[in-house]
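The values are calculated or read from the model by the stated rules, or taken from the named source; none is laboratory data. Bear in mind the structure is a predicted one, so any value in this text is a computation, not a measurement. Every residue, glycine among them, receives a Cβ derived from its backbone with ideal geometry; neighbour counts consider all protein chains shown. Accessible surface is based on the protein model in full, side chains and every heavy atom, while ligands, DNA and RNA are left aside. Shrake-Rupley method; radii C 1.70, N 1.55, O 1.52, S 1.80 Å.
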Amino acid sequence: MSGFLLKGVSVVGGAPTDLVIRDGVISADKSGAEVIDAAGLVALPGLVDLHTHLREPGREDAETVETGSRAAALGGYTAVCAMANTSPVADTAGVVEQVWRLGREAGLVDVQPIGAVTVGLAGKQLAEVGAMATSAANVRIFSDDGFCVADPRLMRRALEYVKAFDGIIAQHAEEPRLTEGAQMHEGEVSTRLGLTGWPAVAEEAIIARDVLLAEHVGSRLHVCHVSTAGSVEVLRQAKARGVRVTAEVTPHHLLLTDELAASYDPVFKVNPPLRTSSDVAALREALVEGVIDVVATDHAPHAVEDKECEWAYARPGMLGLETALSIVISVLGERWDLIADRMSRTPARIAGLAGHGTDLAVGSPANLTLVDPSARRVVDPAELASRSRNTPYSGTTLPGRIVATFLRGEPTVLDGKAVK
Amino acid sequence: MIKHLRSAADLDAATATLILDTAAEMAALAGREVKKLPTLRGRTVVNLFYEDSTRTRISFEAAAKRLSADVINFSAKGSSVSKGESLKDTALTLQAMGADAVVIRHSASGAPHRLASWVDGSVINAGDGTHEHPTQALLDAYTMRSRLGRLDGLKVAIVGDVLHSRVARSNVLLLSTLGAQVTLVGPPTLIPVDIAAALEPKTKVSYDLDSVLPDMDVVMMLRVQTERMQDSYFPSAREYSRRYGLDLARMRKLPEHAIVMHPGPMNRGMEITPEVADSSRSTIVEQVANGVSARMAVLYLLLGGKA
Amino acid sequence: MASPRADTTSKIILSGSDLHRVVDRIAHQILEKTSGATGTVLLGIPTRGVPLAQRLAARIHAFEDIDVPVGSLDITLYRDDLRLHATRALGKTELPGGGIDGRRVILVDDVLFSGRTVRAALDALNDVGRPSSVQLAVLVDRGHRQLPIRADYVGKNIPTALSESVRVSLTETDGLDEVNLTGAPGGEA
């Protein structure tokens, strides 16, 4: 095979043109390339997810690196950062290398492991982050996601220590004492439903503390899944002061609200919880403005028995990889440059993933995805590539469809189907 | 007629009134020698209790048996439930057994909603977590109506741990539907956020019991668990009962006709003194008897017609 | 169900004055058959049996100055057809002071049809006391019995088709006194 010619494609929303993919890079040589009629389709740099739970090792019944990679490719991603809360926890070079290797074997996206900040995510003792950084997995982002690094002294040390290898701490901002037993956003709806509240201040207090710590020690901080209007304000002020902080928002926090808990269907249970419509509005604004830098999925597959149960007993989290771009399109509209920035260029830069999030210019690595913006699809959980079914969008009609995805010039998705 | 009773919000004024009227007929029947009625012969009512509550279970059991339903008690202890069978699997089992109604008591808020999505029969909430206990609200409303003759315009204070109280939530909803004015009283730590917006905008909140009492027709004391002290909801049992407990001196501040209620079980000496609990204003014993009539009414109205 | 033409088949069986004469006659018959209504209690079956029982008691009082105790007996909870209809609201059961034990109970209803209502009433009666005997008074007997039950006092026998329906209206419940037969005999059932 001698490459693909994407005919009449709109590159990041630009005028129709032809794009050639050959030998892993964007090329100018059209000769002999397989032609794909791309009229009406939009090419974006391959999406990069800073926040994915692939569940392997440990919960292969919910997801594996392979099934998660397939879901990612079908969602337009060419790279995902795999969170450390596996079993065993990714807190050693051995585990991160295993995940990295499984990603290579699956070969559908680049799987970049995230290392744990503390041993066993227990928040007590710093994990061997240096060893993970120098391992084959080349870890740069460290996170105890699922848990907050709540101890301020430990958080300070972690922020400082990773400076040696330009690491970054991605904080799950949740003051644990304020969220004991918490089930959903604290407010009108939690009061009505009799579910223990997760107050916005529990997130905002940690972000406020952490930006001050990062400022104090001059380190890089990344804030996972920002969910409240108050957090946006804290971030806005920190950024204005020049603190080296970046932040992500999930697609579901850009769209869904706490009212959905009224069904008591745990498919809507997630951590941090769905908030109010005014939080949603503030998050959207912050994303456009750049106060929030990226959209990250927090793709969190769960086995059926962990969701088909009482709300309080269900695990928090929802699928995201295969619907993220559609949600972002429905939230931001077809603002392709903005979308490319928030879903590809900026996350690639934060994660330090060379070859991802680059402009689709001749000579660049051919990591890209092809979107049909006019397509509409009804989400059917049974059709998802993820091993789990816990999508909150079951039965809803979403705009946009991924037609093809290329990883270093090789198609991972063609005609809307995974190639392997 | 409604199919399930998961929340007091399932009841509009007409339906709630019909239940209370029916309960009155049921109560009249309870006075006669033969208490049993053939009405629900051949129907199966399952009492699915994940939490110990002998009072509520017995009340539902008596109600179902007086209507001649077959009653199956399925309690968490000594059954597959404690061996980790999921609520859904249990639901499918009950479904296969042909349960016409499942009365569920569960420590998780919303469990009755989940159950209703898995069984064909009616689901009756007998208390779910810190959410609701609608039949308790019905028997409370019935008790108020029979003592005071009406509900519309009644002023009702609900005092204590509103935050963790399923009784309070159901009462606010039902009493408001029936035209009563509810004031919630307790320390700010035990009044849930946005309670009026969450349940009924007319609901008032006060942190001062003494100022509220002179205006009330009904004061309902909620059980306050002393363990809440450990979580710093209040400093000590002594301080709690001084500020929010109902003793004789406070009871005298109530208007002459006002009644004192308590859903039970009481912490005598904590939220209510024994003299108040045993006074003629107290409806605590009546509430128990009215519980059977109210539950008979609910069972009849949910199961007594075409499914 | 009723087509627009169905109204034209509605026919008055008893006018207001007919109805009054019929009630008077039943009252006389009761006095006659019960030797002056001694030890007798009238129990109306809700809804329309209750005002009928009260009217009978009033007429008996007017004729002989005898006070017959009147009460009501709701039979809803004893019906055998509960599952065939939406849930019914309950009527009142109010026994006269002194109860029914050892007395002659006369059940009063508006229409006797299948006999199932009376069967339910006998069950209900059994649970509230032990009368010495039970009799039945109805304003209209329209036939089509499904159980071995007959009335002791009948205001009017009306032969009907199953497709027809008899509607009794009383001032107390419906604003006028009248009995109608609606629906075409042999018509679409």
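Against the condition open to solvent by 20 Å² or more (accessible area, probe 1.4 Å), in a helix (DSSP H, G or I), closer than 18 Å to C:Leu95 by Cβ and free of Cβ contacts under 8 Å to residues at least 24 places away in the same chain, how does B:Ala28 come out, does it pass? Spelling it out, B:Ala28 is indeed open to solvent by 20 Å² or more (accessible area, probe 1.4 Å), in a helix (DSSP H, G or I), closer than 18 Å to C:Leu95 by Cβ and free of Cβ contacts under 8 Å to residues at least 24 places away in the same chain.
On inspection, B:Ala76 passes the criterion of being touching a residue at least 24 places away in the same chain (Cβ under 8 Å), under 27 Å from B:His262 (Cβ atoms) and either within 14 Å of chain A (Cβ to nearest Cβ) or loosely packed, with under 15 Cβ neighbours inside 10 Å (or both).
Against the condition touching a helix residue (DSSP H, G or I) at 6+ places or on another chain (Cβ under 6 Å) and among the aliphatic types (A, V, I, L, M), how does A:Ala261 come out, does it pass? Yes: the conditions hold for A:Ala261. Residues in region A:312-332 that are farther than 29 Å from A:Gly197 by Cβ and not in a loop (DSSP other than H, G, I, E, B): A:Leu325, A:Ser326, A:Ile329, A:Leu332. Residue count for region B:198-231 satisfying the condition of being open to solvent by 50 Å² or more (accessible area, probe 1.4 Å), within 14 Å of chain A (Cβ to nearest Cβ) and touching a Ser or Thr at 6+ places or on another chain (Cβ under 8 Å): 1.
Applying a threshold of 7 Å to beta carbon distances and a minimum spacing of six or more residues, or different chains, the list of pairs starting in region A:178-198 at a residue that is facing chain B (nearest Cβ under 8 Å) and ending at one that is of a type in the set (Asp, Glu) and open to solvent by less than 10 Å² (accessible area, probe 1.4 Å) reads A:Gly194/B:Glu132. In this entry, A:Gly146 passes the filter for residues that are assigned to a loop (DSSP other than H, G, I, E, B) and either among the hydrophobic types (A, V, I, L, M, F, W, C) or closer than 28 Å to A:Val201 by Cα (or both). Across region A:310-352, the qualifying residues are those that are open to solvent by 10 Å² or more (accessible area, probe 1.4 Å) and aromatic (Phe, Trp, Tyr), and the one among them that is nearest to the chain's Cα centre (by Cα) is A:Trp336. Flag not set for A:Ala150, criterion: touching a residue at least 40 places away in the same chain (Cβ under 8 Å), under 25 Å from the mean Cα position of the chain (by Cα) and within 30 Å of B:Glu200 (Cα to Cα).
Against the definition (within 14 Å of chain B (Cβ to nearest Cβ), part of a helix (DSSP H, G or I) and within 19 Å of the chain's Cα centre (by Cα)), how does C:Ala124 come out, yes or no? The answer is yes for C:Ala124. Under the condition of being closer than 16 Å to C:Ala120 by Cα and not in a loop (DSSP other than H, G, I, E, B), which residue from region C:66-92 is farthest from the other protein chains (Cβ to nearest Cβ)? The qualifying residue farthest from the other protein chains (Cβ to nearest Cβ) is C:Ser72. Selection of first residues in region A:384-411 that are on the phi > 0 side of the Ramachandran plot and of second residues that are part of a loop (DSSP other than H, G, I, E, B), restricted to Cβ pairs under 7 Å at least 6 apart or on distinct chains, gives the following pairs, ordered by first then second residue: A:Gly395/A:Val379; A:Arg408/A:Gly24; A:Arg408/A:Ala366; A:Arg408/A:Asn367; A:Gly409/A:Asp23; A:Gly409/A:Gly24; A:Gly409/A:Ala366.
For A:Ser10, the requirement of being open to solvent by 10 Å² or more (accessible area, probe 1.4 Å), farther than 30 Å from A:Ile141 by Cβ and out of contact with any Pro (no Cβ under 8 Å at 6 or more places or on another chain) is not met.
Of all residues in region B:104-117, those that are closer than 24 Å to B:Thr54 by Cβ have Cβ atoms under 7 Å from Cβ atoms of residues that are part of a helix (DSSP H, G or I) and open to solvent by 20 Å² or more (accessible area, probe 1.4 Å), 6 or more apart or on another chain, in B:Ala108/A:Ala312; B:Ala108/A:Tyr313; B:Ser109/A:Ala312.
Conditions (1) of a type in the set (A, V, I, L, M); (2) open to solvent by 30 Å² or more (accessible area, probe 1.4 Å); (3) in contact (Cβ under 8 Å) with a residue 12 or more places away in the chain, marked per residue:
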site	(1), (2), (3)
A:Ala90	yes, no, yes
A:Gln98	no, yes, yes
A:Gly115	no, no, yes
A:Leu126	yes, yes, yes
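In the set (1) touching a residue at least 60 places away in the same chain (Cβ under 8 Å); (2) within 16 Å of B:Ala198 (Cβ to Cβ), B:Leu138 fails one condition alone, (2).
Yes or no, residue by residue, for (1) open to solvent by less than 10 Å² (accessible area, probe 1.4 Å); (2) more than 28 Å from B:Ser107 (Cβ to Cβ):
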site	(1), (2)
A:Gly167	yes, yes
A:Glu188	no, no
A:Thr196	no, no
A:Glu203	yes, no
A:Pro251	yes, yes
A:Thr257	no, no
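Residue-wise test of (1) within 14 Å of another protein chain (Cβ to nearest Cβ); (2) over 21 Å from the mean Cα position of the chain (by Cα).
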{"site": "B:Asp247", "(1), (2)": "no, yes"}
{"site": "B:Met261", "(1), (2)": "no, no"}
{"site": "B:Ala277", "(1), (2)": "no, no"}
{"site": "B:Arg295", "(1), (2)": "no, no"}
{"site": "B:Lys306", "(1), (2)": "yes, yes"}
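Please work out if A:Glu285 is part of a helix (DSSP H, G or I), away from chain B (no Cβ under 14 Å) and of a type in the set (Asp, Glu). In short, yes.
Listed here are the residues, each with its yes/no results for (1) exposed (fewer than 13 other Cβ atoms within 10 Å of the Cβ); (2) assigned to a loop (DSSP other than H, G, I, E, B); (3) at pLDDT below 95.
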| site | (1), (2), (3) |
| --- | --- |
| B:Pro235 | yes, yes, yes |
| B:Met266 | no, yes, yes |
| B:Val285 | yes, no, yes |
| B:Asn290 | no, no, no |
| B:Arg295 | no, no, no |
| B:Tyr300 | no, no, no |
| B:Lys306 | yes, yes, yes |
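If you check B:Ser165, B:Ser170 for being within 14 Å of chain A (Cβ to nearest Cβ), open to solvent by less than 10 Å² (accessible area, probe 1.4 Å) and modelled with pLDDT of 95 or more, only one passes: B:Ser170.
Answer yes or no as to whether A:Glu305 is at pLDDT below 95, assigned to a helix (DSSP H, G or I) and open to solvent by 10 Å² or more (accessible area, probe 1.4 Å). Spelling it out, A:Glu305 is indeed at pLDDT below 95, assigned to a helix (DSSP H, G or I) and open to solvent by 10 Å² or more (accessible area, probe 1.4 Å). Restricting B:Leu115, B:Leu94, B:Leu48, B:Leu37 to those that are assigned to a loop (DSSP other than H, G, I, E, B) and open to solvent by less than 40 Å² (accessible area, probe 1.4 Å) reduces the list to B:Leu37. Hey, any hits in region B:148-167 for a residue that's over 20 Å from B:Ala27 (Cβ atoms) and assigned to a helix (DSSP H, G or I)? Taking every residue of region B:148-167 in turn, at least one turns out to be over 20 Å from B:Ala27 (Cβ atoms) and assigned to a helix (DSSP H, G or I). Just one residue in the set C:Arg116, C:Arg142, C:Arg88, C:Arg83 is without any contact (Cβ under 8 Å) to a residue 40 or more places away in the chain and touching a helix residue (DSSP H, G or I) at 6+ places or on another chain (Cβ under 7 Å); that residue is C:Arg88.
Inside region B:13-39, residues that are more than 7 Å from chain C (Cβ to nearest Cβ) and not acidic (Asp, Glu) make up a count of 16. Considered as a group, the residues in region A:195-228 that are small (Gly, Ala, Ser) and touching a Lys or Arg at 6+ places or on another chain (Cβ under 6 Å) include one that is farthest from A:Ile169 (Cα to Cα), and that residue is A:Ser227.
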